[in-house]
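The values are calculated or read from the model by the stated rules, or taken from the named source; none is laboratory data. What you see is a predicted model, and the numbers here were worked out from it, not measured in a lab. Backbone-built Cβ (ideal geometry, glycine too); neighbour counts: all protein chains shown. Protein only, heavy atoms only, side chains kept; ligands, DNA and RNA dropped before computing areas. Shrake-Rupley method; radii C 1.70, N 1.55, O 1.52, S 1.80 Å.
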Amino acid sequence: MRYKGIIFDLDGVICSTDEYHYQAWKALANEIGASEFSRADNARQRGVSRMESLEVVLEKAPKVYTEAEKQALADHKNKLYQGLLANMSPADLSGEVRQTLDTLRGRGLLLAIGSSSKNAPLILERIGLRNYFDQVADGNQITRSKPHPEVFLLAARLLGLEPRDCLVVEDAEAGIEAGQRGGFDTAGIGPAAECGRAAYELRCFSDLLTIAKSS
Ligand code: BG6
Ligand code: MG
């Protein structure tokens, strides 16, 4: 087997919480008069921290905010976002993702999450994967978010594996860069499959079954 472990980003890879991030940021943007905030801006928020994501919204805002005000805006967005997460259930985990994960695990691969999000434990709980992964590395355990490789290096270390033995799966270009900087092979899905930087370009999640097959 080429790989011993797979490290998955969460938002936009395991589940569609990337859309909820967009909706919450868009609502905040409208509230503060940054209504030009667009999906193209949102693409730049993928993989980066909450405060860095806020800066993308504030580029379109009509006023300058203090650090304390920025913190309050980020907290407000997070409340809006968590309101959307509250409606999630195991039905929000697609059968394709669940079956692919189960098959990969059945092949003996170790599976981990490597996410910049501080909401990762909450999301995993909502979609019924709280105790599923062998390890979870998330935004609560790191100081530098993607494109820094810290979260992936932590996930590999927790799995007891070297980066060269792990595949990183990402929807964010910043996540592909993080994987590469950490010495991992990378598979891009969605926007990351189109950025031209991923070693593997997934058309769908179950394409992983071909990449991580016995050899
Ligand atoms: C990443 C998202 O997974 O998590 C980013 O792609 C987000 O857009 C980051 O900013 C932090 O998320 P949270 O849930 O801690 O605000
Ligand atoms: Mg993502």
Worksheet, complete the sentence: (1) out of contact with any helix residue (DSSP H, G or I) (no Cβ under 8 Å at 6 or more places or on another chain); (2) within 15 Å of ligand 1 (Cβ to nearest atom) all hold for residue 68 apart from (2)
Item to complete: Go through the stretch 1-99 and tell me which helices (runs of 4 or more DSSP H), entirely inside it, have 2 or more residues that are open to solvent by less than 30 Å² (accessible area, probe 1.4 Å) and either modelled with pLDDT under 95 or more than 30 Å from residue 156 (Cβ to Cβ) (or both).
Response: 17-31, 50-58, 67-85
Fill in: Which numbered condition residue 36 fails, given (1) touching a residue at least 24 places away in the same chain (Cβ under 8 Å); (2) within 11 Å of ligand 1 (Cβ to nearest atom)
(2)
Practice prompt. Report yes if some residue within the stretch 54-62 is away from ligand 1 (no atom under 16 Å from the Cβ), more than 17 Å from the chain's Cα centre (by Cα) and within 30 Å of residue 149 (Cβ to Cβ); otherwise report no.
Written response: yes
Fill in: For residue 104: the one exception among (1) farther than 22 Å from residue 50 by Cα; (2) in a strand (DSSP E or B); (3) touching a residue at least 40 places away in the same chain (Cβ under 8 Å)
(2)
Worksheet item: Cβ-Cβ below 6 Å, separation at least six or inter-chain, first residue in the stretch 119-131 and in contact (Cβ under 8 Å) with a residue 24 or more places away in the chain, second among the charged types (D, E, K, R): which pairs?
Response: 120/138; 124/130; 127/92
Worksheet entry | Some residue of the stretch 136-149 being within 13 Å of ligand 2 (Cβ to nearest atom), assigned to a loop (DSSP other than H, G, I, E, B) and surrounded by 24 or more Cβ atoms within 10 Å (Cβ to Cβ) | yes
Worksheet item: Quick check: anything in the stretch 154-174 within 14 Å of residue 13 (Cα to Cα), over 12 Å from the mean Cα position of the chain (by Cα) and touching a residue at least 40 places away in the same chain (Cβ under 8 Å)?
Response: yes
Response to the item:
Picking from 82, 99, the residue that is farther than 27 Å from residue 179 by Cα and of a type outside the set (Lys, Arg) would be 82
